[in-house]
Amino acid sequence: MSAIEAPVSSRMPPSAYVLAWLCLLGQLPSLATRGLSDGDGVWVLLSMVLGALVIAWFSAGVLRARIVRLVVVWIVLVLGALLVAVDVVQNPHTSWWDLLLLLASIGQVAALGTFCSTDYFRWQRAQPTAAGPDISTLVAIAVVVGLVGGITAPAEHSDSPIQLRIAL
């Protein structure tokens, strides 16, 4: 493919959708095991809004092949998968939720790797200002991921009413 050709399809690669849904799936174990945040409603709402904005911004950058945001996401996903794997290996009381989180984390890394090897990604890197396929559905999923991360209780119980968190 030459640098001026449009991507093969006017749609996003399937790996982008797989990554988005795996990120949402990765929120379920935390929400199921920790429950909803019991912090002050204003701080929970602020966490949800900031989480949604930050994760949407990073996801839009990844989908448009912006290198700095892509590198940050690679670091977060790989470290997250490694930390979950270490926790599962070291914890003799591993639950199904822990295994689900491990599978989702590994899947996220694999889906991101697959996405980065698509013709669309190479085209987007070669033509960063060109209008590509619509990413609004994928960014909307990212917004939901940020909202769920903001409403999920923190890993360590805290009695503080001020709990501002951004979680992926």
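Within the P(r) computed for segment 47-87, what percentage of the Cα pairs occupies the region above 12 Å?
62 percent
Could you give each residue of segment 48-53 its phi-based ³J(HN,Hα) in whole Hz, using Karplus coefficients 6.51, -1.76, 1.60 with θ = phi - 60°, and x for Gly or Pro?
Couplings: 5, 5, 5, x, 4, 5 Hz.
Counting heavy atoms of the protein chains only and a 1.4 Å probe, report the per residue accessible area for the chain as a whole number of Å².
55 Å²
How are the alpha carbon pair distances in the chain distributed across 10 Å bins from zero to the largest one, expressed in percent?
All Cα pairs considered, the percentages come to 11, 36, 32, 16, 5, 1.
Taking H placed 1.01 Å from N in the peptide plane, check which residues at least 5 places from T152 or on another chain put their amide H under 5 Å from its amide H.
Residues meeting the criterion, in which the H sits 1.01 Å from N, are S37.
Share of the chain's accessible area from carbon and sulfur, percent, 1.4 Å?
Here carbon and sulfur together make up 70 percent of the probe-accessible area.
Mean separation of Cα pairs under 8 Å and 6+ residues apart, divided by the residue count of the chain: what relative contact order is that in percent?
50 percent
The values are calculated or read from the model by the stated rules, or taken from the named source; none is laboratory data. No experiment lies behind these values; they were computed from the predicted model shown. Heads up: the accessible areas ignore ligands, DNA and RNA and are worked out on the full protein's heavy atoms, side chains in. Shrake-Rupley method; radii C 1.70, N 1.55, O 1.52, S 1.80 Å.
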